[in-house]
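The values are calculated or read from the model by the stated rules, or taken from the named source; none is laboratory data. From a predicted model like this one, the values you see are computed outputs, not experimental measurements. Quick reminder, even Gly has a Cβ in these numbers, built from the backbone with ideal geometry, and neighbours come from all protein chains shown. Heavy atoms of the whole protein, side chains included, go into the accessibility calculation; ligands, DNA and RNA do not. Shrake-Rupley method; radii C 1.70, N 1.55, O 1.52, S 1.80 Å.
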Amino acid sequence: MLEPRVVRADNPGPFTLDGTRTYIVGVDDVVVVDPGPDDESHSEAVAQEVLGARRVHVLVTHHHPDHAGGAPALARRLGTSFSGPGAGADKPLAAGDRWTTDAGELVAVAASGHSPDHVVFHWPEAEAVFVGDVILGEGETTWVGEYPGCVADYLESLNRIEALSPRRLYSAHGPPVEDPAERIRLFRRHRLDRIRQVEELAAAHPSADAQELTGRVYGAELPEALRAAAVQSVQAILHHLESGERHPGEG
């Protein structure tokens, strides 16, 4: 089975788990997926892995600094440019763009929700997808709360990845997912259950704002470092409910 090389950054945390994973596909014609944070030692470790390659493409799944922060420095070090969705990349990319390596093609697939500009990279030859932060290698949820409409976008992105029928998912955080179909169902179920929970609490407490609802959803055990993100997630669900857009399983 085709497998990428992996260089893990030393940036553990509540959102990055044990650190951001940078993936390298190919040996001579190479693609680097998610260069990681702006950290010289990590950039050097990645550069050493592609030493001697004839051609290197640097790709990012989305603009968050733990994924894209190191892209400019790594691209300069390798004498190349980097591609990513949205503003800030040397070369903007769009769904359907393709990059050739000596281990097969990578194809960009739109997958917004975690961020408005998120893409994933399908590796058909390996029946795999580099999913960035759409699905993590551990647990049953990722953060969805950055912008209005993100909840509907996220559920649609899960559908889009599922339709690729991958046999393995490579998340930027956590180990490879060996049971993609089950993990996608798990992440979808968590999101739908959370939507229903917020909907029921909002109906029972009509004067409650997002802050109060967050306390009722997560309880006293919510770490203070995660509170702001949790409030944004609840706000995004409230916006989703107000929009009236429904997905299978939401009733």
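Here are a few things to note about the model shown:
- Selection status of GLU212, of a type in the set (D, E, K, R), open to solvent by 10 Å² or more (accessible area, probe 1.4 Å) and under 20 Å from the mean Cα position of the chain (by Cα): no
- Within the range 148-173, if we keep just the residues that are open to solvent by 40 Å² or more (accessible area, probe 1.4 Å) and in a loop (DSSP other than H, G, I, E, B), the residue that is modelled with the lowest pLDDT turns out to be PRO148.
- Matching residues, the range 109-129, being outside any loop (DSSP other than H, G, I, E, B) and in contact (Cβ under 8 Å) with a residue 24 or more places away in the chain: VAL109, ALA110, VAL119, VAL120, PHE121, HIS122, TRP123, GLU125, ALA126, ALA128, VAL129
- Filtered by the rule that a residue be at pLDDT 95 or above and closer than 15 Å to VAL32 by Cβ, the range 84-100 gives TRP99, THR100.
- Search result, residues across the range 64-85 that are open to solvent by 20 Å² or more (accessible area, probe 1.4 Å), in contact (Cβ under 8 Å) with a residue 40 or more places away in the chain and touching a Ser or Thr at 6+ places or on another chain (Cβ under 6 Å): ASP66
- Yes/no for THR61 being in contact (Cβ under 8 Å) with a residue 40 or more places away in the chain, in contact with a Lys or Arg (Cβ under 8 Å, 6 or more places away or on another chain), hydroxyl-bearing (Ser, Thr, Tyr) and crowded, with 24+ Cβ neighbours inside 10 Å: no
- Any chance PRO176 is in contact with a Phe, Trp or Tyr (Cβ under 8 Å, 6 or more places away or on another chain), under 23 Å from VAL6 (Cα atoms), open to solvent by 20 Å² or more (accessible area, probe 1.4 Å) and of a type outside the set (Lys, Arg): yes
- Neighbours by Cβ (under 6 Å, 6+ apart or cross-chain): first from the range 233-249, at pLDDT 95 or above; second open to solvent by 90 Å² or more (accessible area, probe 1.4 Å) and part of a loop (DSSP other than H, G, I, E, B): HIS239/PRO148
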